[in-house]
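For reference, the structure is listed below as structure tokens.
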Amino acid sequence: MESKHIVIDARIRPSSTGRYADRLLEHLQKIDKVNRYTILLDPNDTWEPESKNFVTKVCPYRKFSFNPIDQISFAVFLSNLKPDLVHFTMTPQEPIFYRGKRVTTTHDLTMLRYARAGRLPLWVHKLRMIGYRFLLWYSHKTSQQIIVPTEFVRQDIISLHSFTKNKITVTLESSEPPISGAAKKIKNINKPYIFHVGSPFPHKNIDRLIDAFVILKQKHSNLRLVLAGKKEYFFDKLINEKINQSQYKDDIFVTGFVEDSQLKWLYENAACYVLPSLSEGFGLPGLEAMAHGTALVSSNATCLPEVYGDAATYFDPQDTQSMADAINQVLTDSKLANKLRTLGHKRIACFSWEKMAKQTLTEYRKHL
């Protein structure tokens, strides 16, 4: 088989959404010893390949940049690499002036529905979203193949861009194995508690989870809510004030970033893991909860029922009472909680990063 040159834009690898790119690289190195790979990295990324047919190259251009200089420079940069195929691991990262063959991964369309201005002036945010919509359309129009993590995302993209219908492939992602080593208890957090981990972006719906917790406290006076994850911009804007105003603020624990041993303890000792999100492309946190034997209570939005199947109890994420009722079911019915734990272990066996990488390599070969 003739060797081809494949470039993978993995600049997202160190970010919170970078696990997909990281696992893709890990498994491609094991299954493809024929093709030659150049991996584009963020200047601050120190990842090094283990396979001889993989090399890295620092890519100094900003991700998701609308700057014409970045667009032109990045296109020239790619052309000079002389690739047979480029895989952009998150849409829309490709420069509009690049004319070579490309495969693009679109993780979801959450940005279109739930992006907020954040620190930007509103007019700048609106201009940015116009640019984002154009780059997304351009990426989907010009890519030879579009890779998505779920059937829901596939249908969502087709609804937005009907011309993509015959060039979208679903490659399911996977969970990580349970965190190894000894679990380390976090001081002052005692059982029973319900648990969530992740950045508090608006679509993560943490404000309604806090409201549901208030409802649950009427029946479960000793219940606690634990929120783990980095305290980013939206924590201060959306969550911190809400907690401080709550009559149960002393029973809401915000841990910030936690080390793996502490995260392991939080999963393993939670009464249940709650995923209240309004929009996901795959929903890795729920699978990680299953891997640790935690009963999962999940939003029924977007792709989540597709991914979790019968291994979760679901609620309407727009309805705080529905959320509280679903959590209460698990808190009061030990048979249900144990059933969800058992089904969770079975469910995670349906997913494999290696399988995802093999499917991706198949898509590469179609266009080489």
The Cα radius of gyration of segment 88-235, divided by 2.2 N^0.38 Å with N its residue count, comes to 1.38
Between Ser139, Gln218, Ala182, whose Cα lies farthest towards the positive end of the dipole of segment 126-227 when Lys and Arg beta carbons carry +1 and Asp and Glu beta carbons carry -1, centred on the Cα centre? Gln218
What net charge is computed for the residues neighbouring Ser199, neighbours being all others with C-beta under 10 Å from the C-beta of Ser199, Lys and Arg scored +1, Asp and Glu -1? +2
Log10 I(q)/I(0) at q = 0.15, 0.18 Å⁻¹ for segment 6-61, from Debye over equal alpha-carbon scatterers, is -0.37, -0.53
For Tyr314, other-chain or 5+-apart residues with amide H closer than 5 Å (H placed, Pro excluded) are Ser298
Which net charge results when you count Lys and Arg as +1 and Asp and Glu as -1 among the other residues whose beta-carbon is under 13 Å from that of Thr142? +4
What spacing in nm lies between the two simple spin-label points modelled at Ser16 and Asp316, each 7 Å away from Cα in the Cβ direction? 2.8
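Only sites in a loop by DSSP and with at most 12 other Cβ atoms within 10 Å count here; which GluC sites (Glu not before Pro) in segment 258-316 make the cut?
Sites meeting the loop and neighbour criteria: Glu259.
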Largest first and rounded to whole Å, the semi-axes √(5λ) derived from the alpha carbon gyration tensor of segment 193-348 read 22, 17, 16
Distance in Å, no decimals, from the C-alpha centre of segment 310-349 to the one of segment 10-53 is 36
As an exercise, identify the GluC sites (Glu not before Pro) in segment 1-108 lying in DSSP coil whose Cβ has no more than 10 other Cβ atoms within 10 Å. Glu2, Glu50
Between the modelled labels at Asn67 and Ser180 (7 Å from Cα along Cα→Cβ) the distance in nm is 4.2
Expressed as an acute angle from 0 to 90° and rounded to the nearest 10, what is the orientation of the C-alpha long axis of helix 320-332 relative to the principal long axis of the chain? 70
Within-13-Å neighbourhood charge of Arg23 [Cβ basis; K, R +1; D, E -1]: 0
Please list 3J(HN,Hα) in residue order for segment 277-284, calculated via the Karplus relation 6.51 cos²θ - 1.76 cosθ + 1.60 where θ = phi - 60°; whole Hz, with x for glycine and proline. 4, 8, 7, 9, x, 9, x, 4
Just to verify a number: FRET efficiency for Ser79 and Lys231, C-beta to C-beta distance, R0 = 35 Å, to 0.05? 0.25
Calc'd 3J(HN,Hα), segment 202-215, phi into Karplus 6.51 cos²θ - 1.76 cosθ + 1.60 (θ = phi - 60°), Hz, glycine/Pro = x, comes to x, 6, 6, 6, 5, 4, 6, 4, 5, 5, 5, 4, 4, 5
On the Cα set of segment 298-368, report Rg and Dmax in Å, please. 16.9, 56
Write down the Å³ per residue value for the convex hull defined by the alpha carbon atoms of the chain. 140
Taking H placed 1.01 Å from N in the peptide plane, check which residues at least 5 places from Thr56 or on another chain put their amide H under 5 Å from its amide H. Ile39
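Stokes-Einstein D for segment 1-153 at 4 °C, 1.567 mPa s, Kirkwood Rh over Cα pairs, in µm²/s? Don't skip to the end; give the middle numbers.
Values: Rh = 16.3 Å.
D, rounded to a whole number, is 79 µm²/s.
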Please give every one of the aspartates and glutamates within straight-line cross-link reach of Lys230, meaning a C-alpha to C-alpha distance under 12 Å, and leave out same-chain neighbours fewer than 8 residues apart. Glu259
Please list 3J(HN,Hα) in residue order for segment 342-351, calculated via the Karplus relation 6.51 cos²θ - 1.76 cosθ + 1.60 where θ = phi - 60°; whole Hz, with x for glycine and proline. 5, 5, x, 4, 5, 5, 5, 5, 7, 10
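If you take the beta carbon distance between Lys57 and His345 as r and set R0 to 45 Å, what does 1/(1 + (r/R0)^6) give as a FRET efficiency, to the nearest 0.05?
It comes to 0.65.
Just so you know, all these numbers are worked out from the coordinates, no wet-lab data involved. If you're wondering where the values come from, they're calculated on a predicted model, not measured in any experiment. No Cβ is skipped: glycine too gets one built from the backbone with ideal geometry, and neighbour counts run over all protein chains shown.
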